[in-house]
Amino acid sequence: MYKDLDPLLHSQLRLAIISLLMVHEEVDFNQIKDITNATSGNISVQIKKLQDAGYIDVIKSFKNNYQNTSLRITNKGIKAFEDYVENLKQYIKPAK
Amino acid sequence: MTHKEFTPSESLNLITNIILEAKSRFKDNGFAFIFIGLCCFISSLGQFILLKLEYYQVSYYPYFIMPVAGVITYFYYKKKRSTVKSKNIIGTLLALFGVILGLNLTIAGFFFWEKFDIALLPFMLILFSLWPFLTGVLIRNRLFTALGLIVNIIAYCSFFIGMEYHPLVLSIVSLIGIVLPGIVINYSHKESYV
């Protein structure tokens, strides 16, 4: 029985952001832009959606006199990612 | 990257690629290269000057700053690791390699210099050359790889250079093989914050 994939994570950019946060405890906005090659506007929209779902925390601070936005994954986000990968395996498995 | 829905296998590919990409990005300010390189430059040049002034008995004294430099570097990165939250496999590999290299150079230089005799400098330089070479391969930087090869060639050439000039060779190699790559890393680190 195939389980539905979390629609919030089953989107290219949001999944990329969450994957990145799974390996880095904290990631800043520029790093996301650098790795995903997405536009700032697009990233901001997807961050807002992930934040609203409680998957990530957004931390705003100042670094070298510039405003710096960094992200952290929450426990809810980690659980959602792990469930997503588990469900994904069902789709990838060859049919018997 | 576009905002679109995709198939499960594309999804898995994306996760794998992003994680691999994130883990292979090396971020460092080049402190270890610059600091260790400068300490090595000062101590080897110091030895060369002492030998020229005929202070043979104490000529190796300047090298005592090297273990101290190693300890300072260790605590610097230990403190830095507590503030930097990224896990990076390349950084970890280079740090581990730096520790192994430092220990080998210290043991060879302080305890086996008599056994190595004229081969001491070539041996040390061959080990030295691995640092920029390995860094170059891991961070995909041609300059580092080229510098590693140059130091490697100098190592073999030093067999044909008089022993009294070996400390001078080491001081030059410290500048081109360690300090220079450190400055390059430091420059690109600053650039990434602009």
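The values are calculated or read from the model by the stated rules, or taken from the named source; none is laboratory data. Worth saying up front: this structure is predicted, and the values here are computed from it rather than measured. Cβ atoms come from the backbone with ideal geometry, glycine included; neighbour counts cover every protein chain shown.
Computed quantities for the displayed model
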{"quantity": "Residues being surrounded by fewer than 18 Cβ atoms within 10 Å (Cβ to Cβ) and under 22 Å from A:VAL85 (Cα atoms) - total across segment A:24-47", "calculated": "2"}
{"quantity": "Qualifying residues in segment B:15-60 (those that are assigned to a helix (DSSP H, G or I) and basic (Lys, Arg)) - the one modelled with the lowest pLDDT", "calculated": "B:LYS23"}
{"quantity": "Residues being without any contact (Cβ under 8 Å) to a residue 24 or more places away in the chain and not in a helix (DSSP H, G or I) - total across segment A:5-31", "calculated": "2"}
{"quantity": "Residue selected from segment A:30-45 under the condition touching a helix residue (DSSP H, G or I) at 6+ places or on another chain (Cβ under 7 Å) and over 20 Å from B:THR16 (Cβ atoms), by the criterion nearest to the other protein chains (Cβ to nearest Cβ)", "calculated": "A:ASN42"}
{"quantity": "Any hit, segment A:32-49, residues being part of a strand (DSSP E or B) and without any contact (Cβ under 8 Å) to a residue 40 or more places away in the chain", "calculated": "no"}
{"quantity": "Meets criteria (farther than 20 Å from B:PHE6 by Cα and not in a helix (DSSP H, G or I)) for A:SER61", "calculated": "yes"}
{"quantity": "The listed residue being touching a residue at least 60 places away in the same chain (Cβ under 8 Å), under 13 Å from the mean Cα position of the chain (by Cα), within 14 Å of chain A (Cβ to nearest Cβ) and surrounded by 15 or more Cβ atoms within 10 Å (Cβ to Cβ), out of B:GLY91, B:GLY37, B:GLY98", "calculated": "B:GLY91"}
{"quantity": "Sole exception among (1) within 9 Å of chain B (Cβ to nearest Cβ); (2) surrounded by 15 or more Cβ atoms within 10 Å (Cβ to Cβ) for A:ILE56, by number", "calculated": "(1)"}
{"quantity": "Residue check for A:LEU71: farther than 25 Å from B:SER9 by Cα, of a type outside the set (Phe, Trp, Tyr) and surrounded by 15 or more Cβ atoms within 10 Å (Cβ to Cβ)", "calculated": "yes"}
{"quantity": "Subset of segment B:137-149 [surrounded by 16 or more Cβ atoms within 10 Å (Cβ to Cβ), assigned to a helix (DSSP H, G or I) and touching a residue at least 24 places away in the same chain (Cβ under 8 Å)]", "calculated": "B:LEU138, B:ILE139, B:PHE144, B:LEU147, B:GLY148"}
{"quantity": "Qualifying residue in segment B:151-167 (condition: assigned to a helix (DSSP H, G or I), more than 19 Å from B:GLN47 (Cα to Cα), in contact with a Phe, Trp or Tyr (Cβ under 6 Å, 6 or more places away or on another chain) and at pLDDT below 90)", "calculated": "no"}
{"quantity": "Cross-chain or 6+ apart pairs with Cβ under 7 Å, segment A:69-87 first and part of a helix (DSSP H, G or I), then surrounded by 15 or more Cβ atoms within 10 Å (Cβ to Cβ) and of a type in the set (Ser, Thr, Tyr)", "calculated": "A:LYS76/A:TYR55; A:GLY77/A:TYR55; A:ALA80/A:TYR55"}
{"quantity": "Breaking point among (1) within 15 Å of the chain's Cα centre (by Cα); (2) surrounded by 15 or more Cβ atoms within 10 Å (Cβ to Cβ); (3) under 21 Å from B:SER11 (Cα atoms), for A:LYS79", "calculated": "(2)"}
